[in-house]
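Asker: Got a structure here, written out as structure tokens. Questions coming.
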Amino acid sequence: IQPSVQEALMEGRPVVALESTIITHGMAYPQNLSMAREVEEIVTTNGAVPATVGILRGRIHVGLTDEELEFLASSKNVVKVSRRDLPFILSQGLSGGTTVSGTMIAAHKAGIPVFVTGGIGGVHRGGENTLDVSADLTELGRTPVAVVSAGVKSILDIGRTLEYLETQGVCVAAFGESREFPAFFSRQSGFQAPYHVRDEEEAAELIASALGLGLSSGVLIAVPCPQERAASGQVIEEAIQQALSEARSKGITGKELTPFMLQKINELTDGKSLDSNLALIQNNARVGSCIAVALSKLQKARRTGNLPRREDTTSPQPVVIGGINVDFIAKAQNPVILDGGQTNTGRVRRTFGGVGRNLADCLSRLGQTPLFLSAVGKDEHSESILHYCHHMDMSAVLQLEGKSTATYCAVITSAGELSVGLGDMDIHHQITEQYVSQFKENLCQAPLVCIDGNVPLSTVQYVCQLAREHQLAVCYEPTDENKASKPFLSDSWKALTYISPNLQELRAINRTLGNPLPAGIEYSE
């Protein structure tokens, strides 16, 4: 994920995903490059961060640099990458443009809810015989991303496409005053959308509702091409029929069909279809960005003052008790760090950490969704943390007025070694025995309890006592050399199932237990 995109996601700012098949297979170079740049500029101008998705040398990129855009736009041997193609393209180290389906997958995994494209794929004409149905439709049925498009490409069977979307459970809404479902180049298709939203606020409410229900399916917002740039429906239809006839005679099928059709229609309409294509993409970028901004504001308003609600769970949750930190990592550019008050050139980035938070995050991503017990302040950092941790159960986390969320700053040499670390972590003292004991029932039923060295000694001892009484599996992460020994100051450690110290932490534990240091270990790396 490109740093500017990652930072925007962490801070809860609006991000718009963009596909790259339109760059690699939709237009010729250099027009494709200028179009891609223009679309990104439109997204930025309307208050969102563009994140063009592409595959570069076997890696998925969410957000591309200008050099990477140019590489995809000018390369001849790039592949059109849908869901089915991703494993092979990545394993072979190839490059490609992502389709609607491929882009939706990447956007969802990156946490981007809004994606703008020209037009989606659908059921091809004659699809009832050939079964040629775009993977875009099934992706919309199983990936919770809102797709903003000019409806379905008019070279397709629009009626059957809408029927297929209904079968897949996709909520489809026309954007604007009319329920007329747009047909890509032209504003009318002869079909009605099931619903319509009048403006970006209504669209944002619809998307937020879909995401909140957790349906695991997408939303399609169909935006008509601007009136003044729309092509004549009759002219386009005649060109489509001629292009289809030529495609059949040449035996062109599958994923080669759409690029062939679009190019042929452009030739047959003397460029009018391409003019409409550019106009609708630019318009979709504007509308989609405004929707993303409205959705971001809506989500922020709903989060303010309210931690995410804990979902009802049928089986006992793991419990994680530990710290949340906002980490500032400063890496020096030059091999030698200058002291004496001089400024050293380097890169500074913000990430979200804390040993307990990291453990809870990993368990959540593994599908375990632990109850997380921790503390943050009511400050500018906590809002960003809660947004970033939206996939976790943060319902029990203390949010304390007048306290500062824990922060940590690390200065790292160009070789990657820690030079100095500074921490403001007083809030971890609020993870008290009294607070944790409110969740005694959860702890006693938990299949796993994880605790880190940030929490007070009395809390560690309380958890270990419960573990002894109820035969609980407890994982202790020592955190650092100065905190590692907390359970080992008494018999509490005998209740631990698992610890994960590094060498320095293990030496500290060994000293606390009064054990001699094995010969030679002081030289180990």
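Asker: Within the set of pairs 6+ apart or on separate chains, which have a first residue in the range 199-227 that is assigned to a helix (DSSP H, G or I) and of a type in the set (Val, Ile, Thr), a second that is open to solvent by less than 60 Å² (accessible area, probe 1.4 Å) and modelled with pLDDT of 90 or more, and C-beta atoms under 6 Å apart?
Answerer: As it stands, the answer is Ile207/Ala146; Ile207/Val219; Ile207/Leu295, since those pairs meet every condition given.
Asker: So, in the range 467-492, exactly how many residues are surrounded by fewer than 19 Cβ atoms within 10 Å (Cβ to Cβ) and assigned to a helix (DSSP H, G or I)? Before you say what the answer is, go through the steps one by one.
Answerer: The initial filter retains those residues of the range 467-492 that are surrounded by fewer than 19 Cβ atoms within 10 Å (Cβ to Cβ), namely 468-471, 473, 475, 480-482, 489-491.
Filter once more, so that each one left must be assigned to a helix (DSSP H, G or I): 468-470, 489, 491.
Residues meeting the conditions: 5.
Asker: What tally of residues in the range 16-33 results from selecting those that are without any contact (Cβ under 8 Å) to a residue 40 or more places away in the chain and open to solvent by less than 50 Å² (accessible area, probe 1.4 Å)?
Answerer: 0
Asker: From the residues in the range 390-449 that are in contact with a Lys or Arg (Cβ under 6 Å, 6 or more places away or on another chain) and under 18 Å from Arg357 (Cα atoms), which one is surrounded by the most Cβ atoms within 10 Å (Cβ to Cβ)? Outline the logic, then answer.
Answerer: Taking the range 390-449 as the starting set, the residues that turn out to be in contact with a Lys or Arg (Cβ under 6 Å, 6 or more places away or on another chain) are 393, 395, 399, 401, 412, 427.
If we keep only those that are under 18 Å from Arg357 (Cα atoms) as well, we get 393, 395, 399, 427.
Numbers: Asp393: 24, Ser395: 12, Gln399: 19, Ile427: 22.
Within the range 390-449, the match that is surrounded by the most Cβ atoms within 10 Å (Cβ to Cβ) is Asp393.
Asker: Looking at the range 361-378, is at least one residue on the phi > 0 side of the Ramachandran plot and crowded, with 20+ Cβ neighbours inside 10 Å?
Answerer: Within the range 361-378, the subset on the phi > 0 side of the Ramachandran plot is 367, 369.
Remaining after also requiring crowded, with 20+ Cβ neighbours inside 10 Å: none.
No, the conditions are met nowhere in the range 361-378.
Asker: Restricting attention to the range 318-332, does a residue exist that is open to solvent by 80 Å² or more (accessible area, probe 1.4 Å) and either in a helix (DSSP H, G or I) or at pLDDT below 90 (or both)?
Answerer: Just the residues of the range 318-332 that are open to solvent by 80 Å² or more (accessible area, probe 1.4 Å), to begin with: 331.
So of that shortlist, the ones also either in a helix (DSSP H, G or I) or at pLDDT below 90 (or both) come out as none.
The answer is no; no qualifying residue exists.
Asker: A further question follows. Quick check on Val100: is it of a type in the set (Val, Ile, Thr), within 29 Å of Gly212 (Cβ to Cβ) and touching a Pro at 6+ places or on another chain (Cβ under 7 Å)?
Answerer: On the way: of a type in the set (Val, Ile, Thr): yes; within 29 Å of Gly212 (Cβ to Cβ): yes; touching a Pro at 6+ places or on another chain (Cβ under 7 Å): no.
Judged against the criteria, Val100 is not a match.
Asker: Across the range 493-502, what is the number of residues that are open to solvent by less than 40 Å² (accessible area, probe 1.4 Å) and not in a loop (DSSP other than H, G, I, E, B)?
Answerer: The total comes to 1.
Asker: I've got another one for you. State which residue is most open to solvent (accessible area, probe 1.4 Å) when the search covers only the range 46-101 and only residues that are free of Cβ contacts under 8 Å to residues at least 60 places away in the same chain, in a loop (DSSP other than H, G, I, E, B) and among the hydrophobic types (A, V, I, L, M, F, W, C).
Answerer: Step by step, filter the range 46-101, then rank; the result is Leu94.
Asker: Could you count how many residues in the range 348-383 are over 21 Å from Asp480 (Cα atoms) and in a helix (DSSP H, G or I)?
Answerer: The first filter runs over the range 348-383 and keeps only residues over 21 Å from Asp480 (Cα atoms), leaving 348-349, 363-371, 377-383.
Subsequent filtering for residues that are in a helix (DSSP H, G or I) retains 363-365, 380-383.
The qualifying residues number 7.
Asker: Go through Pro87, Pro50 for me and flag whichever is at pLDDT 95 or above and under 18 Å from the mean Cα position of the chain (by Cα).
Answerer: Details: Pro87 fails: under 18 Å from the mean Cα position of the chain (by Cα).
Selected residue: Pro50, the only one of Pro87, Pro50 that is at pLDDT 95 or above and under 18 Å from the mean Cα position of the chain (by Cα).
Asker: Does Arg13 satisfy the criteria of being farther than 27 Å from Leu295 by Cβ, open to solvent by 10 Å² or more (accessible area, probe 1.4 Å), charged (D, E, K, R) and out of contact with any Phe, Trp or Tyr (no Cβ under 8 Å at 6 or more places or on another chain)? If you could, list the steps in order and put the result at the bottom.
Answerer: On the way: farther than 27 Å from Leu295 by Cβ: no; open to solvent by 10 Å² or more (accessible area, probe 1.4 Å): yes; charged (D, E, K, R): yes; out of contact with any Phe, Trp or Tyr (no Cβ under 8 Å at 6 or more places or on another chain): yes.
In short, no.
Asker: For the range 347-360, which residues satisfy the criterion of being open to solvent by 40 Å² or more (accessible area, probe 1.4 Å) and more than 16 Å from Cys450 (Cα to Cα)?
Answerer: Listed by number, the residues that qualify are Arg347, Val348, Arg349, Arg350.
Conditions (1) out of contact with any helix residue (DSSP H, G or I) (no Cβ under 9 Å at 6 or more places or on another chain); (2) not hydrophobic (A, V, I, L, M, F, W, C), marked per residue:
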{"residue": "Glu7", "(1), (2)": "yes, yes"}
{"residue": "Arg13", "(1), (2)": "no, yes"}
{"residue": "Ala17", "(1), (2)": "no, no"}
{"residue": "Ser20", "(1), (2)": "no, yes"}
{"residue": "Leu33", "(1), (2)": "no, no"}
{"residue": "Glu67", "(1), (2)": "yes, yes"}
{"residue": "Phe71", "(1), (2)": "yes, no"}
{"residue": "Lys76", "(1), (2)": "yes, yes"}
{"residue": "Arg83", "(1), (2)": "no, yes"}
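Asker: Can you list residue pairs whose Cβ atoms sit under 6 Å apart, with the first residue in the range 479-504 being in the same structural domain as Gln465 (by the TED database) and the second being surrounded by fewer than 17 Cβ atoms within 10 Å (Cβ to Cβ) and assigned to a helix (DSSP H, G or I)? Count only pairs 6 or more apart in sequence or on different chains.
Answerer: Within 6 Å, the pairs are Glu481/Gln504; Ser485/Thr512; Lys486/Leu457; Phe488/Thr512; Ala495/Arg468.
The values are calculated or read from the model by the stated rules, or taken from the named source; none is laboratory data. Fair warning: this is a prediction, and the values are worked out from it, not measured in the lab. When we count neighbours, we look across all protein chains shown, and the Cβ atoms used for this are built from the backbone with ideal geometry, even at glycine. For the accessible areas, the whole protein counts, side chains as well, though only heavy atoms, and no ligand, DNA or RNA atoms are used. Shrake-Rupley method; radii C 1.70, N 1.55, O 1.52, S 1.80 Å.
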